[in-house]
Amino acid sequence: MKPDLVTLALSKGRIFEETLPLLKAAGIEVLEDPEKSRKLILPTNRADVQVVLVRASDVPTYVQYGGADLGVCGKDTLIEHQAEWGGAGGGLYQPLDLNIAKCRMSVAVRADFDYASAVRQGSRLTVATKYTAIAREFFSAKGVHVDLIKLYGSMELAPLTGLADAIVDLVSTGNTLKANHLVEVERIMDISSRLVVNQAALKLKRATIKPIIEAFATAAQPA
Ligand code: AMP
């Protein structure tokens with residue numbers, strides 16, 4: 001951890017794009033476009049701030065271990081990360097909901113699968129998901145017995161191939177579900193992205209980090 005340099009971990013795509021205006025409000029401009037560059041460390045207009053590009057699910061890990069001082073990641077990613085850490089959160093400080101990259105976590109099934117009857121009859125459901133902690137907690141609270149199958153992507157395929165009865169996945173417009181003849185049968189929770197901060201970094205680099213948090217708080221859209 002270099003004392004004079006603040007590192008922000010972001011994932012490419014929606015989170016990166018929607019964090020740019022918040023960075024701008026903090027006087028920070030990223031000098032390279034991640035879609036055009038293969039660089040994983042992006043300089044900014046400020047010598048004391050850099051951006052690192054990591055997979056969305058690695059953002060909490062980078063921040064927890066101090067590979068990055070700050071990060072932006074979805075509530076889904078944070079819940080799954082914390083479940084791995086026994087709910088301790090691993091020294092991550094979460095000062096702000098940035099209200100970006102909004103979507104919802106939902107249960108979806110094939111259009112011809114009678115989910116309501118299956119639940120009513122107490123059937124055991126096979127559920128495929130990347131979000132096993134969220135799915136386990138949701139179905140357990142509902143009193144539905146499930147066999148969870150962990151997948152890392154293309155969850156929509158699971159009910160179509162007979163791998164699972166249902167999926168738990170992020171839904172934004174609903175177009176992906178529709179294109180694959182799936183229907184949303186439960187909304188588990190609303191999701192948005194949050195700022196996460198390494199607690200030790202906040203103490204050691206407070207003079208640089210605190211104004212960034214404050215600028216993000218002012219610029220973030222209300223819920
Ligand atoms: P949509 O077709 O707009 O409903 O988007 C659904 C697809 O995009 C699914 O494959 C989701 O996993 C993914 N997705 C939607 N919103 C987000 C988000 N905020 N963060 C990450 N993935 C998302």
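Things worth noting here:
- Hits in segment 192-222 - residues which are within 16 Å of the ligand (Cβ to nearest atom) and either open to solvent by 40 Å² or more (accessible area, probe 1.4 Å) or within 22 Å of V146 (Cβ to Cβ) (or both): R194, Q221
- Answer residue from segment 159-191, given it is among the small types (G, A, S), near the ligand (Cβ under 8 Å from one of its atoms) and touching a strand residue (DSSP E or B) at 6+ places or on another chain (Cβ under 9 Å) and is most open to solvent (accessible area, probe 1.4 Å) among those: S172
- Of all residues in segment 131-149 being surrounded by fewer than 20 Cβ atoms within 10 Å (Cβ to Cβ) and within 18 Å of L163 (Cα to Cα), the one that is nearest to the chain's Cα centre (by Cα): T132
- Residues of segment 75-122 classified as hydrophobic (A, V, I, L, M, F, W, C) and within 13 Å of the ligand (Cβ to nearest atom), total: 7
- Scan of segment 32-68 for residues that are among the small types (G, A, S), under 21 Å from the mean Cα position of the chain (by Cα) and either under 20 Å from Y131 (Cβ atoms) or loosely packed, with under 12 Cβ neighbours inside 10 Å (or both), ordered by number: A56, S57
- Scanning segment 147-170 for any residue that is within 30 Å of E29 (Cα to Cα) and touching a residue at least 60 places away in the same chain (Cβ under 8 Å) turns up at least one such residue.
- Residue list for segment 57-81, restricted to those being of a type outside the set (A, V, I, L, M, F, W, C), touching a Leu at 6+ places or on another chain (Cβ under 9 Å) and either free of Cβ contacts under 8 Å to residues at least 40 places away in the same chain or assigned to a strand (DSSP E or B) (or both): G71, G74, H81
The values are calculated or read from the model by the stated rules, or taken from the named source; none is laboratory data. For clarity, every value in this text was computed on a predicted model and none was experimentally measured. In this analysis, Cβ positions are derived from the backbone assuming ideal geometry, glycine residues included, and neighbour counts consider all displayed protein chains. Accessible surface areas use protein heavy atoms only, side chains included; no ligands, DNA or RNA. Shrake-Rupley method; radii C 1.70, N 1.55, O 1.52, S 1.80 Å.
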